[in-house]
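Before any comments, here is the structure.
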Amino acid sequence: MSEIRIKSRKARWTVIQITAVLAVLVGSVVWARTSQATPGSGVTLVKLADGTLPETVRVKVKAGSENTLDIFRIQTYKITIAPGGYTGWHQHGGPHMIVVAEGALTYYKGDDPTCTGVNYPAGSSILDPGFTTHFVRNEGSVDVVNYVTQLLPIMGIFRIDIPAPGNPNCSF
């Protein structure tokens, strides 16, 4: 009996050590990745709802590129961007739908060689299949208010900070 306890303690200690090492490694990768990211400014984010599905649901999104994911969580946010505010370059860990409720936002895609922003006024919607690099800013004189509904797979996260794509046409 005591021999089993010793083995169990050793096994637990080994698991704890491995978990600690993995946590340090993952943390350093996340820190290195986000330390090169382009942070936003003038953005207020309010989570309105967050729920998990009783079981995953396979979702296929086609918006420029095709993306199929097993969705586990749905989140809805109200995002307000002050005049001159911007999100910084980022991606999302799953498909998201944006509805512009007030103002007009300008949406830049990281893979656009011309870095030409697309203006979306109030009443417009955007569907992003996820994992696409983009930058959003308010180039107007009033707040931009938009609602974002995010579909996430297991372990998916709402925002993934990304370094600027290095496009000379994107000075931000």
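The values are calculated or read from the model by the stated rules, or taken from the named source; none is laboratory data. Remember, it's a predicted structure, so these values are computed and weren't measured experimentally. No Cβ is skipped: glycine too gets one built from the backbone with ideal geometry, and neighbour counts run over all protein chains shown.
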Exception for Gly130 within (1) buried (at least 19 other Cβ atoms within 10 Å of the Cβ); (2) at pLDDT below 90; (3) in a strand (DSSP E or B) falls at (3)
Residues of the range 73-103 being surrounded by 16 or more Cβ atoms within 10 Å (Cβ to Cβ), touching a residue at least 60 places away in the same chain (Cβ under 8 Å) and not polar (S, T, N, Q), in sequence order, are Arg73, Ile74, Tyr77, Ile79, Ile81, Tyr86, Gly88, Trp89, His90, His92, Gly93, Gly94
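Please pick out the residue among Thr106, Thr149, Thr114 that is assigned to a loop (DSSP other than H, G, I, E, B) and surrounded by fewer than 19 Cβ atoms within 10 Å (Cβ to Cβ).
Thr114
Given the structure, is Asp50 closer than 24 Å to Pro165 by Cβ and of a type in the set (Asp, Glu)?
When the stated conditions are applied, Asp50 does not pass them.
Look at the range 72-103 and say how many of its residues are part of a strand (DSSP E or B) and either β-branched (Val, Ile, Thr) or closer than 14 Å to Gly40 by Cα (or both). Steps first, please.
Of the range 72-103, the ones part of a strand (DSSP E or B) are 72-86, 90-91, 96-102.
If we keep only those that are either β-branched (Val, Ile, Thr) or closer than 14 Å to Gly40 by Cα (or both) as well, we get 74, 76, 79-86, 90-91, 98-100.
Number satisfying all stated conditions: 15.
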Of the residues in the range 152-172, those that are of a type in the set (Val, Ile, Thr) and part of a loop (DSSP other than H, G, I, E, B) come to Ile154, Ile157, Ile162
